[in-house]
Amino acid sequence: MRIVSLWSALAALSLVVPGAADAQEAETEMDTLRAEIEALRADYDARIAELERRLAVAEQNAAQATYAAQPVPAPMQRGSGAFNPDIGVVFQGQLRGVDGEPDGEEGFAVGETEFIASANVDDKFTAYLTAAFAYEDGESELEVEEAWVETTALPAGFSARFGRMFSGIGYLNDKHRHTWDFVDQALPYQAFLDGRYVDNGVQARWIAPTDLFVELGGEIMQGEGDPSGLGAHTLFTNVGGDVGTSHSWLAGLSRLEQDAGQELTVAHVVWKWAPDGNWKQKNFIFQAEYLENRDGATDSGWYAQAIYQPIPRWRVGTRMESLDLDVEDPRRYSVMLDWSNSEFSRLRLQFSRNDDHVGQNNEWFLQYIHSIGAHGAHTF
């Protein structure tokens with residue numbers, strides 16, 4: 001090494017310099033060599049420090065890489081003690097105009113705002129809550145629409161639900177307002193179920209282990225004005241299946257009996273089409289229901305509707321409705337056009353013509369439906 005060579009040179013100089021005259025020259029030469037040696041030593045120390053720094057950085061990077069390569073712990077699952085519900089809010093509102101004898105208020109109205117929360121309680125139970133905020137007649141109202149717990153851990157295709165719930169009768173009854181295809185509910189549901197039947201009770205369902213969809217169900221409900229708290233019960237069945245890759249169907253029959261005197265029978269049929277099952281591009285839905293109600297008198301009603309989506313995001317639809325009552329036979333005919341920017345937003349324009357014993361009127365609606373957060377998959 002160069003440092004060793006310099007020290008050897010110094011030693012040689014000290015041996016070969018004989019006189020005092022030359023001693024000064026030799027001393028000067030040695031001072032120069034010492035300065036060079038110190039410079040080399042400083043450079044050597046700097047290089048050693050740089051190598052040590054680079055080694056420390058390399059060791060740190062290696063440690064981080066080892067940590068990153070370790071398996072990531074699985075996220076905490078629901079039911080493990082964490083409160084982790086799916087939460088969503090649905091905003092609805094409409095602008096309504098009437099030409100003729102008005103029935104209800106015109107102008108802008110904020111419809112139901114639904115707060116939805118659901119979560120797995122544990123590996124055997126699921127909980128669901130829907131609360132609806134409404135502003136009507138200058139007053140704010142809060143209604144708990146659904147608050148139930150369901151188990152899907154029962155054997156042999158059985159499930160049970162208990163709490164407050166939309167009954168499983170009919171086809172439209174358990175559909176939330178924001179999933180309707182028209183602004184308003186069908187006339188038979190308005191006349192015989194005050195829009196829909198919701199009650200406190202217990203529901204049981206069974207799905208057969210067959211290729212054909214077969215469902216049987218029943219409910220024991222609180223009912224209206226019954227002191228025992230078990231004043232209503234229902235039975236319902238649904239059968240359905242696929243026809244090729246583009247068609248599917250569902251048919252059902254249900255019955256509601258209340259100790260207060262009401263007996264309601266509902267029959268429904270639904271047919272859906274989507275080319276090769278590609279629902280987002282193009283689809284068609286036809287559905288119809290017939291309701292017969294006995295509550296001191298026998299009344300009936302029906303509706304039929306068709307919804308067609310020719311291109312993504314755009315739908316057109318028409319609906320015909322009729323009631324056969326003791327005092328009147330109202331009819332309503334509606335057409336609608338809606339556009340969905342995404343699965344979270346929809347704008348709808350609807351025109352309806354009403355014929356009843358009072359006379360005729362025409363209604364038009366401009367409706368918005370927007371949701372944030374989680375929202376569950378819609379049923380068939």
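Can you compute the FRET efficiency between R294 and V110 using 1/(1 + (r/R0)^6), with r the Cβ-Cβ distance and R0 = 35 Å? Round to the nearest 0.05. Step by step, r from the Cβ atoms, then E = 0.40. Please give every one of the lysines within straight-line cross-link reach of K175, meaning a C-alpha to C-alpha distance under 22 Å, and leave out same-chain neighbours fewer than 8 residues apart. Once the sequence-local lysines are set aside, what remains near K175 is K272, K280.
In the stretch 209-297, which GluC sites (Glu not before Pro) are in a loop and have at most 13 other Cβ atoms within 10 Å, using DSSP for the loop call? Answer by residue number: E224. Placing R0 at 51 angstrom, the Cβ-Cβ distance between V121 and D194 gives a FRET efficiency of 0.95 after rounding to 0.05. Shape class of the stretch 165-222 from the Cα gyration tensor (axes a ≥ b ≥ c, square roots of the eigenvalues): oblate, since a/c reaches 1.5 or more and a/b does not exceed b/c. Computed from phi, the 3J(HN,Hα) profile of the stretch 198-203 under the Karplus parametrisation 6.51, -1.76, 1.60 (θ = phi - 60°) reads 10, 7, 9, x, 10, 10 Hz, with x in place of Gly and Pro.
The distance linking the stretch 226-296 with the stretch 144-204 is 11 Å (Cα centroid to Cα centroid, whole angstrom).
Bear in mind these aren't lab numbers, they're just calculated from the coordinates by the rules spelled out. Just so it is clear, the model here is predicted, and its values are computed rather than measured. Backbone-built Cβ (ideal geometry, glycine too); neighbour counts: all protein chains shown.
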